[in-house]
């Protein structure tokens, strides 16, 4: 099947869904009306609550929810074949993910900008609020550790990306100051984007920033990954306490423009490669895999856990109700920002699946060089000519004792997943004639910028959650903006740097729980949305069916891992977290069942102003 046909059909499906199902959700189910006063006006403080144009909020929201989630998950899930991954992404984002994101956004704007966790306290019970906030805090701690590692890994693998990512920050501040003083945003952002791409070129050809020569070669702690992780979390602290208009909004707007350019280039390269016969899915990858690695789990339920962002992700309810709801200018903007952003992320995930599966740009094998490694293993370097025939493409495999590449499920490390998309996407761009080195830099910067957006947004969200927990516990000093942010960064840094087998790898300790915890969060958010609609006597099927799916799949996956992986292996950390998260899920579902019989048609108490917004 033509790769281009798959991409076009997916895009058409998303457009049709937005203008039909998305419109029904916004107008009929949630009854969005511009007559309502928005939290951005009612609670305005010009730090977190700031009325903002739809295009700017869209850029912030999309780049915050996207991150590397729709990249890493699909890059791994194609183990089961490209068709199951594609179907889950397309139908998941339309029928589950988009509904989840829009519902969380609507609940928050109807409750003075409160997070979904705060709203659960009035919609369900005060205990449900605390339970939800604990789940949120656990999930965000994992996000901070993992995304810090993701960006640090990108910097280590692709030093040509470092200059562009860091230069984007002062550019965004300059644009934010100009916008705040009454200047326009579009033209300065386009200029900022041009400067960013100049930095991409300089990083690719003249100024790659590699820390390795400047760090002690015999140090187990001071590695590039550790140094970058520390620097990134310090940045996340600063970015998350600044007013949203100063850094977050202009930086995310530039990143959204960067994404549109990258999507256009990817689609152009994909189309050209398909028309010239270089990208045919049926010739490059199985539609449904007949063989998978021996240690890989079954497609059900793990496909739905492996691909989260791009189909449905609980992290999105935090962004929708944590930051986006505080910036919406009009209620009608929620359809584009909440539902539309999810569909665009689904399209990005589709392109990732195609980039990792279509095999475009790979020329014939030239040669392989084997270098002796440790414990009977070796590193094989395979060089291929790219489509232009005059550049080398290198793939690295660590082989087992039998000389075969370690291709098992558990050996698919984070770096390999990131390379799968960066290198595959660069091949699409090279089909347009873009030099391969520059194409790789463009894709690496895209991934790192998205991950940086998610990192500082997650830090801001964790600050809200810690503040809410502190106020619930009567520990008001911990609700202070700077104290709560410091706690968030300290916990993330401790996990990222000190919790792993080696410094800087701590985020990977809890990585096996990330997907299931993330999806469980989506199920719980949908349960809150179900009760929200039940209290208003609205139709429930569009929420109830996704809720059951997103409660069942992660619980199934965690239970499987507990009894077939973590308990037999004696993994105390994952076993403890796994049982704790399952217990929290069951407890919160029980709370929901207890209130279900008496909530139909009975409105909850009015909301108070969201806590901890700026103090």
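Read the figures in this text as sums done on the coordinates, not as results from a lab. This structure is a prediction, so every number in the text was calculated from the model and none was measured. Note: ideal-geometry Cβ built from the backbone for every residue, glycine included; neighbour counts use all protein chains shown.
Observations on the structure shown:
- Of 251, 180, 600, the sequence from fewest to most neighbouring Cβ atoms within 10 angstrom is 600, 180, 251.
- Sorted by Cβ neighbour density within 10 Å, fewest at the top, the residues 575, 323, 212: 212, 575, 323
- Distance from segment 418-443 to segment 72-142 (C-alpha centre basis), Å: 31
- Distance between the pseudo-spin-label points of residue 177 and residue 37 (7 Å out from Cα toward the beta carbon): 3.5 nm.
- Ranked list, fewest to most other Cβ atoms within 10 Å of each Cβ, for 222, 82: 222, 82
- Each label point was placed 7 Å from the Cα along the Cα-to-Cβ direction; for residue 205 and residue 20 their separation is 4.8 nm.
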